[in-house]
Amino acid sequence: MRIAGRVCALLLLFAGLALAANPPAAGPTPSARAIALAHDAIVIDTHADTTQWMLDGGFDFTKPTQRMVSLDKARQGGLKAEFFSIWVEPRFGPQTIERALDLIDAVRRQAEAHPEQLGLATTAADIRRLTAEHRFAMLMGVEGGHAIADDLAVLRDYYRLGVRYMTLTWSNTNDWADSSGDQDDARVHHHNGLTPFGKEVVAEMNRLGMIVDISHVSDKTFWDAIATTQAPVIASHSSARALVNAPRNMTDAMLRAVARNGGVVQVNDYAAFDSQAARDQAAKFAADEARAEGPVDAAWDGDWLHGYPHIDAFQRRFAAEHFTRPPFRALMDQFVHIIQVAGIDHVGLGSDWDGIDWAPQGMDGAQDIPRIVQGLMDRGYTDAQIRQVLGLNTLRVMGQVEAVARRLQRQPDTPARANSGPVTP
């Protein structure tokens, strides 16, 4: 199913309204040296929600667009590889797997349609090869463990189709892992972290070579995942809780644990995760936004596929009309704090492009990566250190996850349940 032309026109209208109401403000002007470094480095971003628009909006990644990431913007900013999110709204219910497969197909079809410009990557070596060939590397990550429908066979099928990480939860607690998004909701049945089956999921991801992503999970789920995994983890799009008190952000203890694990924390570009003032502003208007969004949401109840573009457009317009973008330094403060706590080897880029409606000044999409490079230069980091943040840390984790999988696959087979049946804490 595809969005009708009038919906696409509506999205473009709302994007124009947002730009007029809250025009992009400049971050640091990148120097020629910063631009050159961004273009020479292997730059990897680990989370973009552009996939929805490829599937539902007929978006051709190789064509200019108002989306936050596209091939022209990637080339302008030096981005070489992107993990496209396979995110399924939980309201899809029984159609969750079908929806996930459609999203995977949308990414794969982009690469197949433009082989001279794009390529599907499933390994660290693929990213290096495609970069050397001057082709953009497309990767995939499932966002939310509910998308496997409690079935390890589905997890394996996603891996076979090219998915290389899975976020254990999205904002919803699933049948085997608690989420940070509803941890205070008494109506939700929680498990106190990972269930026994949840630990089986992590173990099977290790065996396959699929990266365990701990963005979105509750604190207890995080610690259970760290205790269970044999391979490095990532937080594909999370910032630091010491700077912004959001449950989605990571405490300093978590940052240090990811460093001991060998993983990488990928900094999110969402304003309310990067700036406490922005988060407070969002909280102030939360009730107003919910009341205003209600009729839009209700109008599409039971038809989330067609309703999502309308709700997304509403949220972007509301943000433009009510929120003030925090300064660019809020984003750089996140990078610096995580580097100071976890170390330069454990920080990367996880923008959340096309999944956010509000970013710090100067960060409007992939074209603005040189601003981050300049910001790190201004904070005193060397070119070699900046290359680590831009992508080498992520490449290292990918390689280590692949090595753990090879080791585990050489061990005697351990039967894995194809379907969990009833899942209990």
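Mind checking which residues of the stretch 376-403 are outside any helix (DSSP H, G or I) and either in contact (Cβ under 8 Å) with a residue 24 or more places away in the chain or of a type in the set (S, T, N, Q) (or both)?
Within the stretch 376-403, the subset outside any helix (DSSP H, G or I) is 379-382.
Within the stretch 376-403, R379, Y381, T382 qualify.
Could you say whether any residue in the stretch 262-271 is over 23 Å from V69 (Cα atoms) and either of a type in the set (A, V, I, L, M) or without any contact (Cβ under 8 Å) to a residue 60 or more places away in the chain (or both)? If you could, list the steps in order and put the result at the bottom.
From the stretch 262-271, those over 23 Å from V69 (Cα atoms) are 262-263; that's our starting set.
Restricting the remaining residues to those that are either of a type in the set (A, V, I, L, M) or without any contact (Cβ under 8 Å) to a residue 60 or more places away in the chain (or both) gives none.
Taking every residue of the stretch 262-271 in turn, none turns out to be over 23 Å from V69 (Cα atoms) and either of a type in the set (A, V, I, L, M) or without any contact (Cβ under 8 Å) to a residue 60 or more places away in the chain (or both).
Considering each of L390, L395 in turn, give the residue that is under 23 Å from the mean Cα position of the chain (by Cα), aliphatic (A, V, I, L, M), crowded, with 23+ Cβ neighbours inside 10 Å and modelled with pLDDT of 95 or more.
L390
Determine which member of the set A124, A137, A132, A147 is touching a residue at least 24 places away in the same chain (Cβ under 8 Å) and surrounded by fewer than 24 Cβ atoms within 10 Å (Cβ to Cβ). Step through it out loud before you land on a result.
Working: A137 fails: surrounded by fewer than 24 Cβ atoms within 10 Å (Cβ to Cβ); A132 fails: touching a residue at least 24 places away in the same chain (Cβ under 8 Å); A147 fails: surrounded by fewer than 24 Cβ atoms within 10 Å (Cβ to Cβ).
The unique qualifying residue is A124.
Could you count how many residues in the stretch 242-275 are surrounded by 15 or more Cβ atoms within 10 Å (Cβ to Cβ) and either in a helix (DSSP H, G or I) or of a type in the set (K, R) (or both)?
So the answer is 13.
Only residues that are of a type in the set (S, T, N, Q) and farther than 25 Å from A282 by Cα: list them for the stretch 321-371, please.
Residues of the stretch 321-371 that are of a type in the set (S, T, N, Q), as a first pass: 324, 334, 340, 351, 361, 367.
Across the stretch 321-371, the qualifying residues are Q340, Q367.
Does the stretch 185-193 contain any residue that is surrounded by fewer than 19 Cβ atoms within 10 Å (Cβ to Cβ), free of Cβ contacts under 8 Å to residues at least 60 places away in the same chain and among the hydrophobic types (A, V, I, L, M, F, W, C)?
Yes; the residues of the stretch 185-193 include at least one that is surrounded by fewer than 19 Cβ atoms within 10 Å (Cβ to Cβ), free of Cβ contacts under 8 Å to residues at least 60 places away in the same chain and among the hydrophobic types (A, V, I, L, M, F, W, C).
Just one of the numbered conditions (1) surrounded by fewer than 19 Cβ atoms within 10 Å (Cβ to Cβ); (2) in contact (Cβ under 8 Å) with a residue 24 or more places away in the chain is not true of N174; which one?
In the conditions (1) surrounded by fewer than 19 Cβ atoms within 10 Å (Cβ to Cβ); (2) in contact (Cβ under 8 Å) with a residue 24 or more places away in the chain, N174 misses (1) alone.
The values are calculated or read from the model by the stated rules, or taken from the named source; none is laboratory data. Being a predicted model, the structure only gives us computed values, none of them experimental. Don't worry about glycine lacking a Cβ; one is built from the backbone with ideal geometry, like all the others, and counts go over all protein chains shown.
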